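Please read the structure below before turning to the comments.
The values are calculated or read from the model by the stated rules, or taken from the named source; none is laboratory data. Model, not experiment: these values are computed from the prediction. Neighbour counts are summed over all protein chains in view; Cβ atoms, including those assigned to glycine, are modelled from backbone coordinates with ideal geometry.
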Amino acid sequence: MDLLTYSPQRRVPWNKGNLIGQKPPLKLKEIWAIRIRLQLAKHMRDLALFNLAIDSKLRACDLVRLKLRDIAHGKRIAPRAIVMQQKTQQPVQFEITEQTREAVANWIQHANLGSEDYLFKSRFHHSSHLSTRQYARIVASWVSQIGLDPTRYGTHSLRRTKVSLIYRRTKNLRAIQLLLGHTKLESTVRYLGIEVDDALEMAEQTEV
């Protein structure tokens, strides 16, 4: 009798062919390159989404679930907002700049959104708001249009962009930790890509 030999199927790694690791933040010239393209193309939703992603520094899962009432009083966009983070169940506060308020207000009027509506609705009937996967594809299209490699950049690039710019100016780790809503300083250090010893030394210097 012939013996059957079992040949287990080799699993393909989920990251095969992809670059992994920390996604770099956008530079100031890249922010404006994307912003101007969206303005010229009159892509109101994408401009509001892009500007709010930069300002809020929210994770993708929190950004796509934003409702109008989270950032507005009636239909007037607030200069600051507080959102409960899904991952940590901790509130995080962020500033909404004038240009972002204008972009979001234009989108709200165009889409005729009510206070209980999601800001960024999905175009698929099975979902009431953009999924994180849809958002990731949108980000990939933005960076591709300005000549960046979409495998190197992602939704976390937008989350890291503003805090990276602020950190370069201030070197204030505590402030960055608060802006990102991190519970641990180590998470902030990883986001900024600095050495732990240097981070702790700077944190001690900024204590009041």
Point to revise | Residue in segment 118-131 that is under 16 Å from the mean Cα position of the chain (by Cα), assigned by TED's automatic domain parsing to the domain that holds F50, in a helix (DSSP H, G or I) and over 21 Å from K23 (Cα atoms) present | key: no
Check your understanding: Quick one: would you say V163 is surrounded by 15 or more Cβ atoms within 10 Å (Cβ to Cβ) and not assigned by TED's automatic domain parsing to the domain that holds V64?
Key -> yes
Revision key, fill the gap. Among the residues of segment 164-203, the number that are at pLDDT below 75 and of a type in the set (V, I, T) is 2
